[in-house]
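Presented below is the structure to which this report refers.
The values are calculated or read from the model by the stated rules, or taken from the named source; none is laboratory data. This structure is a prediction, so every number in the text was calculated from the model and none was measured. Cβ coordinates were reconstructed from backbone atoms using ideal geometry, including for glycine residues, and neighbour counts include every protein chain displayed. Accessible surface areas use protein heavy atoms only, side chains included; no ligands, DNA or RNA. Shrake-Rupley method; radii C 1.70, N 1.55, O 1.52, S 1.80 Å.
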Amino acid sequence: MMRDMIAAAEAAAEAAGAVIRPLFRSALLVEAKGDASPVTEADKAAERQIRALLAERFPDHGLIGEEYGAERADAEWVWVIDPIDGTRAFVTGRPVFGSLIGLMHRGRPVLGLIDQPATGERWIGAAGQPLMFRGPMGGNPRTRSCARLAEAELSCTSPDMFTESEAPRFARLRAAARRVTWGGDCYAYGLLALGLIDVIVESDLKPWDWVALQPVIEAAGGSMTDWSGQPLRLDGPGQALALGDRALLDEAVRLLG
């Protein structure tokens, strides 16, 4: 059954990529000069493609997407979709956005796909299976050992995502890390799964931002929790802590506490 679900996720990513690639760095997007309308249409069209394919193959499954909301969100199996994660990167021609397709079983993420349609890279994480990765630039689909924050590469999409009360908590962890790199959106999680980043700390994530990422990180040998080390929840505040080495968890949670 999981094989069929992986095949459907990959087919959905192909359909979304066919919509997204023609617009990336296109004249239409450049001429928009910051207007979100071409991006919005790409988002919506890609999600329509994904939803139609998944609904055809699994009519009893639920769907939650950034653009078109929820259908049968209380179903046993629920797909969670973000057709373009990293809109600002997409608008400015940076290939660090991606399409996210996740699947939850009884509320727990069990399958996740990160697709970068411009570079041709794809990460697939499924419960009980090692991470699958394909990409022309290579990479080892496994997190690396890093037991101390002082040796860790930290990544975060933007400091602007933190609230006034969260910012000093993140600052404590940032000060303990080897260095921080900004930007990346979902692509940074793919790099963590390849052993190139050790810690990602973010906030204000919606379910479609993280559901697909968790199985990828876990299949690579890492962990993804909230800031207190507890499982992420659909109704939670969206505070995410992704680690390549689970040995970092206690130190990271203490600093974020």
(message) Given a 1.4 angstrom probe, I'd like the percentage of the accessible area of region 1-134 that is carbon and sulfur, rounded to a whole number.
(response) 51
(message) How much length would be gained if the chain were fully extended between Arg233 and Ala171, taking 0.36 nm per residue of separation minus their Cα-Cα distance, in nm to one decimal?
(response) 19.9 nm
(message) What does the extension gain come out to for Ala127 and His105, with contour length at 0.36 nm per residue minus their alpha carbon separation?
(response) 6.9 nm
(message) Using the Karplus curve 6.51 cos²θ - 1.76 cosθ + 1.60 with θ = phi - 60°, what ³J(HN,Hα) values do you get for each residue of region 88-94, in whole Hz, with x for Gly and Pro?
(response) 5, 5, 4, 4, 9, x, 8
(request) In whole Å, largest first, what are the principal axis extents of the Cα atoms in region 149-256? (result) 29, 28, 25
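Does region 75-165 classify as rounded, prolate or oblate by the C-alpha gyration tensor (a ≥ b ≥ c root eigenvalues; a/c under 1.5 gives rounded; else a/b over b/c gives prolate, otherwise oblate)? Let's see the in-between values first.
On the way: a/c = 1.20, a/b = 1.14, b/c = 1.05.
Verdict is rounded for region 75-165.
Excluding ligands, DNA and RNA, what is the solvent-accessible area per residue of the chain at a probe of 1.4 Å, expressed in Å²? Walk me through the numbers on the way to the answer.
Working: 11340 Å² over 257 residues.
I get 44 Å² per residue for the chain.
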(message) Run the simple label-point estimate for Ala150 and Arg3 please: 7 Å along Cα→C-beta, distance reported in nm.
(response) 5.0
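Mean Kyte-Doolittle of at least -0.5 plus a Cα span of 18 Å or more along the axis: flag which DSSP H helices in the chain meet both, please.
Long hydrophobic helices here: 2-20.
Using packing as a proxy for protection, rank 105-112, 130-137 so that the peptide with the highest average count of other Cβ atoms within 10 Å comes first. If you can, show how the numbers build up before the last one.
Numbers: 105-112: 19.0, 130-137: 14.6.
Highest to lowest by the protection proxy: 105-112, 130-137.
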(request) Have a look at Met161, Met224, Met104 and tell me which one the Gaussian network model of the chain (Cα, springs below 10 Å) gives the largest fluctuation. (result) Met161
(request) Would you work out the charge dipole size for the chain about its Cα centre, treating the Cβ of every Lys and Arg as +1 and the Cβ of every Asp and Glu as -1, and quote it to the nearest 20 debye? (result) 700
(request) Would you work out if region 1-158 is rounded, prolate or oblate? Take a ≥ b ≥ c from the square roots of the eigenvalues of the alpha-carbon gyration tensor; rounded if a/c is under 1.5, else prolate when a/b is larger than b/c, oblate otherwise. (result) oblate
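Among residues other than Thr225 whose Cβ falls under 11 Å from its Cβ, what is the net charge (Lys/Arg +1, Asp/Glu -1)? Write out the running numbers ahead of the final one.
On the way: positive: Arg233, Arg246; negative: Glu218, Asp226.
Net charge in that neighbourhood comes out at 0.
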(message) For Gly183, what residues show an amide H to amide H distance below 5 Å, using hydrogens built from the backbone and excluding near sequence neighbours?
(response) Cys156, Thr157, Ser158
